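Enquirer: Let me begin by handing over the structure; questions about it come next.
The values are calculated or read from the model by the stated rules, or taken from the named source; none is laboratory data. A quick note: this is a predicted structure, and the numbers were derived from the prediction, not measured. Virtual Cβ from ideal backbone geometry, glycine too; neighbours counted across all protein chains shown. Ligands, DNA and RNA are excluded from the accessible area calculation, which covers all protein heavy atoms including side chains. Shrake-Rupley method; radii C 1.70, N 1.55, O 1.52, S 1.80 Å.
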2 protein chains.
Amino acid sequence: MQAVGLTEYEAKCFVALSQIPSGTATDVSEIVDIPRTRIYDIAESLQDCGLVEIQKGTPREFRAVSTDVAMKRLQLSHREHLDNAAKALRQLTTPDVRDEASGVWRIEGKQKVAERGQYIAARAETELFGLFTEDAVFQDDCFRQAQSAIDRGVDVVLSSPDEDLRESLRARFPDATIWDPSLDWQTLEEFGAQVSRLVMADRHTVMLASLSKDDGDCAETAIWGEGSDSELVVLCRELVGAQLDELDAEDGSSRFSL
Amino acid sequence: MQAVGLTEYEAKCFVALSQIPSGTATDVSEIVDIPRTRIYDIAESLQDCGLVEIQKGTPREFRAVSTDVAMKRLQLSHREHLDNAAKALRQLTTPDVRDEASGVWRIEGKQKVAERGQYIAARAETELFGLFTEDAVFQDDCFRQAQSAIDRGVDVVLSSPDEDLRESLRARFPDATIWDPSLDWQTLEEFGAQVSRLVMADRHTVMLASLSKDDGDCAETAIWGEGSDSELVVLCRELVGAQLDELDAEDGSSRFSL
DNA sequence: TTATTATTGTTATTAAAATAAAAACAACAA
DNA sequence: TTGTTGTTTTTATTTTAATAACAATAATAA
């Protein structure tokens, strides 16, 4: 409960009141370990949030609103704060100036990595390269972005060291080029940790993600960069670009065979 | 920004980074009044939230994600906390035991008052009485609930001391009974403050709301109660019930005249 | 090339603010 | 008279803000 912005006392008080139809300060203080004398102002504070209703007799009776109503109120309140914050922030900052970021940047967490990958894929205009080492990494939103790129005429090349995954990709994306990296896969492992995915758009934006299994946990982290200023982009252009060029040449012939 | 759960330092740091494409600890500490030496761990903490990305060189470079992404991440995080809290709470409490609440309860705030009014109207099974003193109080959701009650066969009686509002109600709800309270309106003013609305469902649940104009502000507060245990319900049964009974008798004849 | 100065990154200590916890006490009810 | 209630103050603890210390690294000057 505290994670949603309530103090320990507020959270405890609300929990106690949620367990009974209604109660006095003495009741609450017997259910949870809060001094009776503090219940009055804590309940008042919860009333301000819309989580508690107060019957002003002697003794005072308190009741909690239902869980659903409480959650909704907290959410609405948070949403307002977010909107206000966003509004204030937009007055301070120019329109999104972070379109171009030099260097190499680090992202932690599977979801954030996936988001960045999709963002990169969504912005591909002529060419999109994606390499995935595990089926688990290639999720629905990746499917969507890859298909969307194909639909808008982007040259899409997908790759995986795993043959089953390659077959699966081939079946799902008949219009994409599927590349077997076994010829050059060793050079990619020079990055150290277990590479999970590599996404490159227009040879301009690159993200390289890896899975680390420290502590029995399966965490994904990534580095990404944009433009010739980024060492990562320069490197991947060398490593992958050459393969893509070869595929372009072969691609002409394989289309002929279709 | 602090209202959304960030510490002052975190909020300031994020705001500063949002104003520049990227920057070092020294840059940030020149933009906002935070000790340079604190930027490192604060940015780390913001990275954990997904609000900041860090380029680990010397000097370290920091960049903020875009405002939209930041807000979305904060919201998702809050949502998760809410879901977890709701789940935990549901294991502690029995299914909603707050269906019946004795006594008289107080609500503050126009929205909460309106919600409670709608909740009461939605639960009317045979009879719904609503009295409104001002056009402004009778909002869209009130319209909806009144119509919904009519649609499910509930005896709906609406009333207002304001003739224009009464006419408006009569035009909008041809199937409802419209009552002119001028005969007994004085007794209702004995509650003191300016009554804004009175809702009674099935002579079992009652809410009485009032507008107070303290501090130039227009705040609505309400009291409500359920069942024979509630003094408010008992009182309104006396005051309003008799009128409803009379209307029942007249209602028969007015239907005859339609 | 070496020495000096400036910058950087990490940590420890101190100060201030917020929250938790205990105490005091007047007013009211039984 | 005793017990309960409600409000406020004081004290203790925790969290956050603010400052200081200092080793390591980078940049600059000699």
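Enquirer: Taking both sides together, what accessible area is buried at the A/B interface, probe 1.4 Å, expressed in Å² and rounded to the nearest 100?
Expert: 4800
Enquirer: Amide H of B:ASP155 versus every other amide H placed in the peptide plane: which residues, excluding those fewer than 5 positions away on the same chain, fall under 5 Å?
Expert: Residues meeting the criterion, in which the H sits 1.01 Å from N, are B:GLU127, B:LEU128.
Enquirer: Here is a further query. Just to confirm the numbers: B:GLN111, label point 7 angstrom along the Cα-Cβ line, distances to the other copies in nm, shortest first?
Expert: 2.4
Enquirer: Round to the nearest 0.05 the FRET efficiency obtained for A:ALA219 and B:ASP245 when R0 = 45 Å and r is the Cβ-Cβ distance.
Expert: 0.05
Enquirer: Working with all protein chains in place, sort A:SER168, A:SER196 by solvent-accessible area computed with a 1.4 Å probe, largest first.
Expert: From most exposed to least exposed: A:SER168, A:SER196.
Enquirer: Taking each residue in B:72-79, count the Cβ atoms of any other chain within 10 Å of its Cβ, then average. What number comes out?
Expert: 4
Enquirer: Also, I was wondering about something else. Would segment A:2-91 count as rounded, prolate or oblate if I go by the C-alpha gyration tensor, calling it rounded below 1.5 in a/c and otherwise prolate when a/b exceeds b/c, oblate otherwise?
Expert: Prolate shape, in that a/c is at least 1.5 and a/b is the bigger ratio.
Enquirer: So for each of A:116-125, B:18-27 I average, over its residues, the number of other beta carbons within 10 Å; can you give me the resulting order with the highest mean first?
Expert: Packing order, densest peptide first, comes out as A:116-125, B:18-27.
Enquirer: Please give me the summed charge of the neighbours of A:ILE34: other residues whose Cβ is under 13 Å from its Cβ, Lys and Arg +1, Asp and Glu -1.
Expert: Taking every Cβ under 13 Å from that of A:ILE34, the sum is -3.
Enquirer: A further question follows. State, to one decimal in nm, how far the label point of A:SER66 lies from the label point of B:ASP180, with both points 7 Å from Cα in the Cβ direction.
Expert: It works out to 4.1 nm between the two label points.
Enquirer: On to the next question. Is there a pair in A:LYS56/B:LYS87; B:LYS56/B:LYS87; A:LYS56/A:LYS87; B:LYS12/B:LYS110; A:LYS12/A:LYS72 whose C-alpha atoms are over 28 Å apart, and which pairs would that be?
Expert: A:LYS56/B:LYS87; B:LYS56/B:LYS87; A:LYS56/A:LYS87; B:LYS12/B:LYS110
Enquirer: In peptide B:81-92, what is the residue-averaged number of other protein chain Cβ atoms found within 10 Å of each Cβ?
Expert: Average neighbour count from other chains, rounded to a whole number: 5.
Enquirer: Under the definition of partner shielding as Cβ atoms of other protein chains within 10 Å of a residue Cβ, what is the mean value for peptide B:62-71?
Expert: 5
Enquirer: Once you place label points 7 Å from the Cα toward the Cβ at B:TYR119 and A:ASP33, how far apart are they in nm?
Expert: 3.2
Enquirer: Ok, one more. Within the set of other residues whose C-beta is less than 12 Å from the C-beta of B:ALA149, count the net charge using Lys and Arg as +1 and Asp and Glu as -1.
Expert: That works out to -3.
Enquirer: Still on this model: Quickly work out the B:TYR40-to-A:ASP164 label distance, labels modelled 7 Å from Cα along the C-beta direction, and quote it in nm with one decimal.
Expert: 4.6
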